[in-house]
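J.: One structure follows; several queries about it will come next.
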Amino acid sequence: MRQLSEQLLATQKVKVTTELQKIRQRCDDFYDYLEPDMMAQYAGDVRTVQKRLSDVVDQIQWIHREESLYKQPLTEYPDVEDIGGSLELFYRLFYVVGRWQKAEKKYVVT
């Protein structure tokens, strides 16, 4: 039973690492988002990726609980904070630019 649980733990670690790599790649893709008319969509895309990151953080917490049960050293995932910070900056950028564009349209129309 213990071997099965430890095998599941190892599988989860691989899944988390793979998902973090995918999220990191998706985060890097935001540097190429340049269409001014798509800022609201971009902000929504960032929020979706933030949700995926939140799910990964939940999985990491589960992994840490299991590791402490088996008295194993806790696996470190330093990318999580970096990715989270980058996503927050992208969200702020896209959101503020989108709001500015809406305000500008109102001003130009009136």
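Any read-out appearing in this document is the output of simple, stated calculations on the displayed coordinates, not a laboratory observation. All values derive from a computational prediction rather than experimental measurement. With ideal geometry, Cβ positions are generated from the backbone for all residues, glycine too; neighbour counts draw on all protein chains shown.
J.: Would you please name the chymotrypsin sites (Phe, Trp or Tyr not before Pro) within segment 30-79 that are DSSP coil residues with at most 13 other C-beta atoms within 10 Å of their C-beta?
T.: Answer by residue number: 70.
J.: For segment 2-109, what is the per residue volume of the convex hull drawn over the alpha-carbon atoms, in cubic angstrom?
T.: Numbers: hull volume 8.8 nm³, N = 108.
In segment 2-109, the Cα convex hull volume per residue is 82 Å³.
J.: Between 109, 80, 94, whose Cα lies farthest towards the positive end of the dipole of segment 31-110 when Lys and Arg beta carbons carry +1 and Asp and Glu beta carbons carry -1, centred on the Cα centre?
T.: Positive-end residue among those listed: 109.
J.: Identify the GluC sites (Glu not before Pro) of segment 42-110 meeting these criteria: DSSP loop state and at most 15 other C-beta atoms within 10 Å of the C-beta.
T.: Filter output for segment 42-110: 76.
J.: ³J(HN,Hα) across segment 74-89 via Karplus (A = 6.51, B = -1.76, C = 1.60, θ = phi - 60°), whole Hz, x for Gly/Pro?
T.: 3J(HN,Hα) across segment 74-89, in whole Hz: 6, 6, 9, 10, x, 5, 4, 5, 4, 5, x, x, 5, 4, 5, 5.
J.: Shifting gears a bit: Where a Cα-Cα gap under 24 Å defines reach, which lysines qualify for residue 15, not counting those fewer than 8 residues away within the same chain?
T.: 51, 71
J.: Tell me what the chain gives for mean residue ellipticity at 222 nm when only DSSP H runs of n ≥ 4 count, each as -39,500 (n - 2.57), the sum divided by the residue total, rounded to 500 deg cm²/dmol.
T.: Working: 3 runs with 90 residues, N = 110.
Computed mean residue ellipticity for the chain: -29500 deg cm²/dmol.
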